[in-house]
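These notes are about the structure you will find just below.
The values are calculated or read from the model by the stated rules, or taken from the named source; none is laboratory data. Keep in mind that this is a model prediction, so the values were computed, not measured. For neighbour counting, all protein chains shown are included, and Cβ atoms are generated from backbone atoms with ideal geometry for every residue, glycine included.
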Amino acid sequence: LDPETDKYSFEQTAEIDCTQRLHLCKASCCRLSFALSKQDVREGIVHWALGRPYMIDQDDDGYCTHMDRDCLHCTIYDHRPVPCRGYDCRQDKRIWLDYEQRIPNPTLAEDDWPTCLNGTNADAQRD
């Protein structure tokens, strides 16, 4: 994905049935770190981490600061960054051992996920 793609005209959104899977994956995609675009930073809606400039801001629990913990939904959904709009978890082994069979990766339960994957080459786990 081009980091400078206009997020409001971005059309490559993934069609994932999140509501049917949130009880399994616990919105783990909201625990992944990524850099914000210039558009995100200039708008000033999406929070970035002061200690990690221009990276999506995450709370102590590792989740994005914009995720509502009660319902596991994005509080800035209409303004969410391109990586959130285009992310497709179906082939991401960090999250699903088997997407179709609804088998989440057991490491999701670890408090330090996804950093616990660093020793296992987390990037290689992504298909």
Of the numbered conditions (1) under 29 Å from GLU110 (Cβ atoms); (2) in contact with a strand residue (DSSP E or B) (Cβ under 7 Å, 6 or more places away or on another chain), VAL41 fails exactly one; give the number of that condition.
(1)
Restricting the first residue to region 14-27 and requiring it to be closer than 13 Å to ARG90 by Cβ, which pairs with a second residue that is loosely packed, with under 10 Cβ neighbours inside 10 Å and among the aliphatic types (A, V, I, L, M) meet a Cβ separation below 7 Å and a spacing of at least six or different chains?
none
Looking at region 90-102, is at least one residue β-branched (Val, Ile, Thr), touching a helix residue (DSSP H, G or I) at 6+ places or on another chain (Cβ under 6 Å), surrounded by 13 or more Cβ atoms within 10 Å (Cβ to Cβ) and assigned to a loop (DSSP other than H, G, I, E, B)?
yes
Checking the conditions here, which among VAL41, VAL46 is in a loop (DSSP other than H, G, I, E, B) and modelled with pLDDT of 95 or more?
VAL46
When SER33 is run through (1) of a type in the set (S, T, N, Q); (2) out of contact with any strand residue (DSSP E or B) (no Cβ under 8 Å at 6 or more places or on another chain); (3) outside any helix (DSSP H, G or I), the failure sits at (2)
Taking GLU110, is it exposed (fewer than 13 other Cβ atoms within 10 Å of the Cβ) and touching a Cys at 6+ places or on another chain (Cβ under 7 Å)?
yes
Please give the number of the condition MET55 fails out of (1) surrounded by fewer than 17 Cβ atoms within 10 Å (Cβ to Cβ); (2) touching a strand residue (DSSP E or B) at 6+ places or on another chain (Cβ under 6 Å); (3) more than 21 Å from LEU117 (Cβ to Cβ).
(3)
Residue check for ILE76: under 14 Å from the mean Cα position of the chain (by Cα), under 24 Å from LYS93 (Cα atoms) and either buried (at least 17 other Cβ atoms within 10 Å of the Cβ) or not charged (D, E, K, R) (or both):
no
Could you please find all residues in region 15-30 being in contact with a Phe, Trp or Tyr (Cβ under 8 Å, 6 or more places away or on another chain) and either exposed (fewer than 12 other Cβ atoms within 10 Å of the Cβ) or part of a helix (DSSP H, G or I) (or both)?
CYS25, SER28, CYS29, CYS30
Could you grab me the full set of residues in region 3-18 that are farther than 12 Å from SER37 by Cβ and out of contact with any helix residue (DSSP H, G or I) (no Cβ under 7 Å at 6 or more places or on another chain)?
SER9, GLU11, GLU15, ASP17, CYS18
So which residues in region 1-48 are aliphatic (A, V, I, L, M) and closer than 17 Å to GLY86 by Cα, if there are any at all?
LEU1, ALA14, ILE16, ALA27, LEU32, ALA35, LEU36, VAL46
Testing ASP60 on (1) among the acidic types (Asp, Glu); (2) at pLDDT 95 or above; (3) over 17 Å from LEU24 (Cβ atoms), one condition comes back false. Which one is that?
(2)
